[in-house]
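One structure is given here, and the rest of the page talks about it.
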Amino acid sequence: MRLITNPFKIHILYFILLLSSCQSEQVQWIEGLDNDGKGNNNPGIPSALDKQLAYLNKYPKDTLRNFTMLKESITTAIDDDNEELAYKLIVLSLQKYPDIVFEAEFFNAINNFYTTIIKEEETAKWISGIVIERWNKDKKTAYFMTKYNYIKEENLKLISYQYGEQLVNMAKIHSLFFPKKEESALFLWKSYEIMRRMGSNKEALSLLDLIIVRHKKWENINAVKKERANLIRFKKRSKWNDKGKLPFEINKKDQAPVS
């Protein structure tokens with residue numbers, strides 16, 4: 001048997017010390033989370049949420065603890081009527097851990113958020129269909145395209161921006177749940193068409209960017225890139241002013257913000 005050399009022993013010792021140091025550092029982080037100084041109003045001290053998000057970013061593989069922290073933070077945000085924070089935390093949760101949606105506690109929290117707080121019944125039904133009823137590809141596509149066609153028809157009457165907003169949310173949620181599914185890119189593309197028809201060019205551009213970043217292997221990705229270039233040229237030509245609005249543009253005062 002070959003003897004272990006001194007340099008090799010030194011490397012082993014270094015690795016053990018490094019591992020021990022990392023574990024000790026993580027323990028200190030956890031202790032800091034457990035003693036987060038609630039009630040401290042000093043703006044120079046990070047809030048409990050700040051420290052939780054920092055821990056999640058530093059130790060993303062500590063799945064169980066991070067699941068718990070995210071669910072608690074979302075529940076707190078909902079209880080505090082902080083819609084913007086709740087939405088951002090939900091998106092962050094799905095980006096980091098897509099499977100978290102299948103946990104009953106998390107699903108109930110976001111279903112409550114979409115149903116009772118921001119009043120997006122269609123989005124809530126969409127999430128419920130995917131998680132609870134286990135819609136297959138055909139059911140999801142049929143549901144989405146029914147809403148898409150309805151909005152295209154109603155759009156001419158300029159009364160369906162809210163429905164278009166929900167369609168965008170449905171597409172984004174599906175993309176989060178199923179980043180490798182071809183229909184995710186299709187739903188984002190159809191949402192882009194609706195936002196473009198409604199004159200919401202900033203949101204339309206963000207949807208194209210999302211397809212390019214998250215669904216770069218989609219069979220129609222070259223068409224998406226070409227469309228993005230055209231939209232950028234349209235933006236530069238019109239300078240986003242009223243002279244360059246599309247025929248379906250609606251007044252900003254009549255628009256609801258897109259999540």
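The values are calculated or read from the model by the stated rules, or taken from the named source; none is laboratory data. These numbers were taken from a predicted model, which means no experiment stands behind them. Methodologically, a virtual Cβ is constructed for each residue, glycine included, from the backbone with ideal geometry; neighbour enumeration extends over all protein chains shown.
The rows are residues; the columns are (1) hydrophobic (A, V, I, L, M, F, W, C); (2) over 28 Å from K226 (Cα atoms); (3) assigned to a helix (DSSP H, G or I).
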residue	(1), (2), (3)
K119	no, yes, no
T123	no, yes, yes
A142	yes, no, yes
Y148	no, no, yes
S184	no, no, yes
E193	no, no, yes
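Tell me, please, whether a residue that is within 19 Å of N149 (Cα to Cα) and either not acidic (D, E) or not in a helix (DSSP H, G or I) (or both) can be found in the range 206-217.
yes
Out of the range 95-111, which residues are crowded, with 17+ Cβ neighbours inside 10 Å and of a type in the set (A, V, I, L, M)?
Residues satisfying the conditions are I100, V101, A109, I110.
Being within 19 Å of the chain's Cα centre (by Cα), among the hydrophobic types (A, V, I, L, M, F, W, C) and within 25 Å of L205 (Cβ to Cβ) is the requirement here; does A109 meet it? Lay out the reasoning, then the answer.
Details: within 19 Å of the chain's Cα centre (by Cα): yes; among the hydrophobic types (A, V, I, L, M, F, W, C): yes; within 25 Å of L205 (Cβ to Cβ): no.
In short, no.
Given (1) more than 15 Å from N169 (Cβ to Cβ); (2) part of a helix (DSSP H, G or I), identify the lone condition not met by D81.
(2)
Of the residues E83, E72, which single one is under 16 Å from the mean Cα position of the chain (by Cα) and of a type in the set (D, E)?
Going through E83, E72 in turn, just one is under 16 Å from the mean Cα position of the chain (by Cα) and of a type in the set (D, E): E83.
I'd like to know if the range 159-175 contains one or more residues that are among the acidic types (D, E), surrounded by 13 or more Cβ atoms within 10 Å (Cβ to Cβ), part of a helix (DSSP H, G or I) and modelled with pLDDT of 90 or more.
Going through the range 159-175, the residues among the acidic types (D, E) turn out to be 165.
Keeping just the survivors that are surrounded by 13 or more Cβ atoms within 10 Å (Cβ to Cβ) gives 165.
With part of a helix (DSSP H, G or I) added as a condition, the list becomes 165.
Narrowing further to those that are modelled with pLDDT of 90 or more: none.
Checked against the condition, which is being among the acidic types (D, E), surrounded by 13 or more Cβ atoms within 10 Å (Cβ to Cβ), part of a helix (DSSP H, G or I) and modelled with pLDDT of 90 or more, the range 159-175 yields no hits at all.
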